[in-house]
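Trainee: The structure under discussion is supplied below as structure tokens; questions concerning it will follow.
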Amino acid sequence: MTAKLVLLLLSASFSFVSCHRDGVNADVVIYGGTSAAVISAVEIARSGKSVIIVCPDKHLGGLTSGGLGFTDSGNTSAIGGLARDFYHRVWLHYNDSTSWKWQKKSEYGNKGQGTVAMDGENRTMWVFEPHVAEKIFEDLIRENKIPVYRDEWLDRESGVEVDNHKIMSITTLSGKKYKGKMFIDATYEGDLMASAGVTYTVGREPCSQYNEKWNGVQAGIFHHGHYFKTPIDPYTIPGDSSSGLLPFISNEPIEPNCTGDNKIQAYCFRLCMSNHPENRVPFEKPEGYDPADYELLARVFESGWNEWFSKYDIIPNKKTDTNNHGPFSTDYIGMNYDYPQASYARRKEIIEEHTNYQKGLLYFVSSDERVPEEVRNRMRTWGLAKDEFADNGNWPHQLYIREARRMIGSYVTTENEVLGKVQVADPVGMGSYTMDSHNVQRHVTAERYVQNEGDIGVHPDKPYKISYGSIVPRKEECTNLLVPVCLSSSHIAFGSIRMEPVFMILGQSAAAAAVLAIDQKVNIQDIPYDQLKQILLAKNQILQN
């Protein structure tokens, strides 16, 4: 091989980030610190292009490293590429005996969500501790020498420079400017997408909009156990409507089923808890705690409900990924409607409100005499895991943003694609999980009882394809942006797509598309799909059953 050829190959294979007085330049700029952001960056770096991550986060990985360790894996055969490599790295970690600090590997029950936790045959593991996930993401960043600019918040008012439907640069509130040929919005909120002028929606579409059955209001539909199974009085003084409603119950009348609205499914923190005495931080009374806030839960307990510990999903080392379960739980129903489009200051308030609500809930269940004694005593054996989220008071650094903005892009994925009623011609990944919407509102029924609405769980018969058109804007709006998280889908379809493995899958595909667009010197909407398909298959992405 001649020296000239070697130099040619090197110049074709590697591109470098450059820093100038007028900003940082890279082939691809990724905004966000989620699992999709990291996987996108790795794909770009390994493809020989320069890439930077600019994110408001200090910790990388989003929910995957933020408490959601009991993975919503669905059909694991539909998970390939770098996403599968992540779960392989988890498997490698827990095959090291030194990883089992608080229990022996043999003591762990190996139960995952619809699958075994540790799959020795396929060398993957789907359940893990938060700090393990974060370490893997940081390892990927280090191994691939990816620059990460943390605690950098997009200037949403004037920080996105667009020329002829093309993003030229983004500027953060610190004044730093980042220039790129391609941009990827990998945030849960879709802030870059929105600031670039791309059309989006928030809330639930009416069923009629996309010919769906499970979108819009779904009162009286109870697919999970997150509803009031017995009649519970909603009033401060039982039977007296003039006394007012208990906290967290809406006074708005319920709309007819299938009606669209601007409401979104509830958020919560996925708590990492432990009942191991040496690694347990007791639940403390939060500032401003008022037991009256949890009067409705007290009435639920008095009705005989006894499912409080049903979603303490076990992860390694005597810890949990604790999720919402029941009619009144960790989901802060109806208290997040303004979050998707809110200012940074208002979002901070909403996050603090969710934090105080959940901390108060934990304290109430472990201390209030209206909670059954057996539940109270058992709750006192639990606490926050002392060795997780040490820089944040052992509290997760990421609120579970189950849904925020959703792009209206080149193609809108609906329940018809998820349920296999419509064929998808240009897939860039697959999903398989239940169309899962948590409750959206808590209301008073015509019979004057309290009830929740919006909890839907419809399972597709088999994995389904996700269109390339769902991760790109319409050409007349932006030609160099990809959106693998706040992608183009209906509310109910997003209920399935929104799982962390799928975000990683779509992040890698978005990155591969960005690289191809740069090489072909074309708009992101104009890349040759057949070439993209071959690239993705060569990288072990799964595109069909």
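Trainee: What's the number of the condition Val160 fails, among (1) touching a residue at least 40 places away in the same chain (Cβ under 8 Å); (2) surrounded by 22 or more Cβ atoms within 10 Å (Cβ to Cβ); (3) of a type outside the set (S, T, N, Q); (4) touching a helix residue (DSSP H, G or I) at 6+ places or on another chain (Cβ under 6 Å)?
Mentor: Only one criterion is unmet by Val160, namely (1).
Trainee: Let me ask something else about it. Those residues that are under 26 Å from the mean Cα position of the chain (by Cα) and within 19 Å of Asp321 (Cβ to Cβ), I need them from region 360-387; list them, please.
Mentor: The answer is Leu361, Leu362, Trp382, Gly383, Leu384, Ala385, Lys386, Asp387.
Trainee: Give the number of residues within region 205-215 that are touching a residue at least 60 places away in the same chain (Cβ under 8 Å), under 20 Å from Met407 (Cα atoms) and in a loop (DSSP other than H, G, I, E, B).
Mentor: The qualifying residues number 5.
Trainee: Further question: Pairs only if they're at least six apart or on different chains, beta carbon under 9 angstrom, first in region 284-298 and basic (Lys, Arg), second in a helix (DSSP H, G or I) and open to solvent by 50 Å² or more (accessible area, probe 1.4 Å); list them, first residue then second.
Mentor: Lys285/Lys359; Lys285/Tyr363
Trainee: Here's something else I'd like to know. Name the pairs whose Cβ atoms lie under 8 Å apart, with the first residue in region 249-264 and at positive phi, the second aliphatic (A, V, I, L, M) and open to solvent by less than 100 Å² (accessible area, probe 1.4 Å), and 6 or more positions between them or separate chains?
Mentor: Cys258/Val217
Trainee: Restricting attention to region 425-439, report how many residues are surrounded by 24 or more Cβ atoms within 10 Å (Cβ to Cβ) and either touching a helix residue (DSSP H, G or I) at 6+ places or on another chain (Cβ under 6 Å) or part of a strand (DSSP E or B) (or both).
Mentor: The total comes to 8.
Trainee: Could you list all residues from region 226-246 that are part of a loop (DSSP other than H, G, I, E, B) and surrounded by 15 or more Cβ atoms within 10 Å (Cβ to Cβ)?
Mentor: His226, Tyr227, Phe228, Ile232, Asp233, Pro234, Leu246 - these are the residues of region 226-246 that are part of a loop (DSSP other than H, G, I, E, B) and surrounded by 15 or more Cβ atoms within 10 Å (Cβ to Cβ).
Trainee: While we're on this one: Kindly provide the set of residues from region 308-335 that are hydrophobic (A, V, I, L, M, F, W, C) and either open to solvent by less than 20 Å² (accessible area, probe 1.4 Å) or closer than 30 Å to Thr115 by Cβ (or both), ordered by number.
Mentor: Within region 308-335, Trp308, Phe309, Ile314, Ile315, Phe328, Ile333 qualify.
Trainee: Suppose the filter is modelled with pLDDT of 95 or more, open to solvent by less than 70 Å² (accessible area, probe 1.4 Å), part of a helix (DSSP H, G or I) and out of contact with any strand residue (DSSP E or B) (no Cβ under 8 Å at 6 or more places or on another chain); does Gly360 pass it?
Mentor: Considered against the rule, which asks whether it is modelled with pLDDT of 95 or more, open to solvent by less than 70 Å² (accessible area, probe 1.4 Å), part of a helix (DSSP H, G or I) and out of contact with any strand residue (DSSP E or B) (no Cβ under 8 Å at 6 or more places or on another chain), Gly360 comes out as yes.
Trainee: Out of region 261-288, which residues are open to solvent by less than 30 Å² (accessible area, probe 1.4 Å), closer than 26 Å to Arg347 by Cα and among the small types (Gly, Ala, Ser)?
Mentor: Across region 261-288, the qualifying residue is only Ala266.
Trainee: Which count do you get for residues in region 289-307 that are under 20 Å from Thr381 (Cβ atoms) and open to solvent by 20 Å² or more (accessible area, probe 1.4 Å)?
Mentor: 2
Trainee: Cβ-Cβ distance below 7 Å, separation of 6 or more or different chains: which pairs start in region 49-62 with a residue that is free of Cβ contacts under 8 Å to residues at least 40 places away in the same chain and end on one that is part of a strand (DSSP E or B)?
Mentor: Ser50/Ala26; Ser50/Asp27
Trainee: For region 121-140, name all the residues that are crowded, with 19+ Cβ neighbours inside 10 Å and assigned to a helix (DSSP H, G or I).
Mentor: Selection gives Pro130, Val132, Ala133, Glu134, Ile136, Phe137, Leu140.
Trainee: So which residues in region 96-110 are under 14 Å from Val127 (Cβ atoms) and in a loop (DSSP other than H, G, I, E, B), if there are any at all?
Mentor: Trp100, Gln103, Tyr108, Gly109, Asn110
Trainee: Can you tell me which residue is surrounded by the fewest Cβ atoms within 10 Å (Cβ to Cβ) among those in region 463-502 that are under 19 Å from Thr199 (Cα atoms) and of a type in the set (Phe, Trp, Tyr)?
Mentor: Per the stated criteria, the residue is Phe494.
Trainee: Further, regarding this structure: If you go through region 440-462 one residue at a time, how many are crowded, with 22+ Cβ neighbours inside 10 Å and assigned to a loop (DSSP other than H, G, I, E, B)?
Mentor: Summing the residues that are crowded, with 22+ Cβ neighbours inside 10 Å and assigned to a loop (DSSP other than H, G, I, E, B) in region 440-462 gives 3.
Trainee: Taking Leu487 as the residue in question, decide whether it is of a type outside the set (S, T, N, Q) and either within 19 Å of the chain's Cα centre (by Cα) or more than 22 Å from Met168 (Cα to Cα) (or both).
Mentor: In short, yes.
Trainee: Residues of region 103-114 being open to solvent by 40 Å² or more (accessible area, probe 1.4 Å) and either of a type outside the set (Asp, Glu) or touching a Lys or Arg at 6+ places or on another chain (Cβ under 8 Å) (or both), which ones?
Mentor: Lys104, Lys105, Ser106, Gly109, Asn110, Lys111, Gln113, Gly114
Trainee: Right, next: Which members of region 370-424 meet the condition of being surrounded by fewer than 20 Cβ atoms within 10 Å (Cβ to Cβ), among the β-branched types (Val, Ile, Thr) and in a loop (DSSP other than H, G, I, E, B)?
Mentor: If the condition is that a residue be surrounded by fewer than 20 Cβ atoms within 10 Å (Cβ to Cβ), among the β-branched types (Val, Ile, Thr) and in a loop (DSSP other than H, G, I, E, B), then Thr381, Ile408, Val422 are the ones that fit.
Trainee: Residue check: is Thr187 within 20 Å of Gly66 (Cβ to Cβ), modelled with pLDDT of 95 or more, touching a Phe, Trp or Tyr at 6+ places or on another chain (Cβ under 8 Å) and buried (at least 17 other Cβ atoms within 10 Å of the Cβ)?
Mentor: Spelling it out, Thr187 is indeed within 20 Å of Gly66 (Cβ to Cβ), modelled with pLDDT of 95 or more, touching a Phe, Trp or Tyr at 6+ places or on another chain (Cβ under 8 Å) and buried (at least 17 other Cβ atoms within 10 Å of the Cβ).
Trainee: If you don't mind, another one. Val483 - would you say it is in contact (Cβ under 8 Å) with a residue 24 or more places away in the chain and under 24 Å from His165 (Cβ atoms)?
Mentor: Yes; evaluated as a whole, the condition is true for this residue.
Trainee: Same structure again: Check whether at least one residue in region 192-201 is modelled with pLDDT of 95 or more, open to solvent by 20 Å² or more (accessible area, probe 1.4 Å), part of a loop (DSSP other than H, G, I, E, B) and of a type outside the set (Lys, Arg), and report yes or no.
Mentor: There is at least one residue in region 192-201 that is modelled with pLDDT of 95 or more, open to solvent by 20 Å² or more (accessible area, probe 1.4 Å), part of a loop (DSSP other than H, G, I, E, B) and of a type outside the set (Lys, Arg).
Trainee: Could you tell me how many of the residues in region 336-346 are open to solvent by less than 60 Å² (accessible area, probe 1.4 Å) and free of Cβ contacts under 8 Å to residues at least 24 places away in the same chain?
Mentor: Residues in region 336-346 being open to solvent by less than 60 Å² (accessible area, probe 1.4 Å) and free of Cβ contacts under 8 Å to residues at least 24 places away in the same chain: 1 in total.
Trainee: Within the set of pairs 6+ apart or on separate chains, which have a first residue in region 362-380 that is under 17 Å from His276 (Cα atoms), a second that is open to solvent by less than 70 Å² (accessible area, probe 1.4 Å) and of a type in the set (S, T, N, Q), and C-beta atoms under 6 Å apart?
Mentor: Going by the 6 Å Cβ cut-off, the qualifying pairs are Met379/Ser366; Arg380/Ser366.
The values are calculated or read from the model by the stated rules, or taken from the named source; none is laboratory data. Quick caveat: nothing in here was measured; it's all calculated off a predicted structure. Because the Cβ atoms are built from the backbone with ideal geometry, glycine has one as well, and the counts that use them run over all protein chains shown. Calculation scope for accessible area: heavy atoms of the full protein, side chains included, ligands and nucleic acids excluded. Shrake-Rupley method; radii C 1.70, N 1.55, O 1.52, S 1.80 Å.
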